[in-house]
Amino acid sequence: SRHVDEFQHQSFDYIVTVCDRMREVCPSFPGDPDIIHWSIPDPIEVEGTHEEQYRAFEQTARYLLVRIRYLLTSIEHEQKIRKQIS
């Protein structure tokens, strides 16, 4: 992963944060993007057996997949509505 500062001068339509700490310190970006926050527990913090830790990462990946698919569907729907209006 890369530090968020590497992206500060780029323009985005949406910014998605996934940890509460980042939500508190998320820098501003040009173009006034929509800021979306998903509070997702960090699977690296799961203690237990290797299998339990692995399951935590799998669960997080599945959760992110569902959320990302929903977000993309929402964005597509929003864009269709905007086209109809204009």
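The values are calculated or read from the model by the stated rules, or taken from the named source; none is laboratory data. Computed from a predicted model, the values in this text were never measured in an experiment. For neighbour counting, all protein chains shown are included, and Cβ atoms are generated from backbone atoms with ideal geometry for every residue, glycine included. These area figures cover heavy atoms from the full protein model, side chains too; ligands, DNA and RNA do not enter into them. Shrake-Rupley method; radii C 1.70, N 1.55, O 1.52, S 1.80 Å.
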With the dipole of the chain worked out from charges on the C-beta (+1 for Lys and Arg, -1 for Asp and Glu) around the Cα centre, which of Gln53, Ser86, Tyr14 lies farthest toward the positive end? Ser86
Largest-first semi-axes in Å of the equivalent ellipsoid built from the Cα gyration tensor of segment 14-54 are 30, 9, 7
Neighbour cut-off at most 14 other Cβ (10 Å), DSSP loop, trypsin sites (Lys or Arg not before Pro), segment 1-77: Arg2
Probe 1.4 Å, all protein chains present, accessible-area order of Ser86, Ser74, largest first: Ser86, Ser74
For the chain, with a Gaussian network of springs between Cα atoms less than 10 Å apart, report the residue from Ile35, Ile44, Ile15 with the top mean-square fluctuation. Ile44
Computed accessible area, Thr73, all protein chains, 1.4 angstrom probe, square angstrom: 90
Among [x] 15.3; [y] 13.7; [z] 14.6, the entry matching Kirkwood radius over Cα pairs in Å as calculated here is [x]
What distance in nm separates the simple spin-label points at Glu24 and His3, each placed 7 Å from Cα in the Cβ direction? 1.9
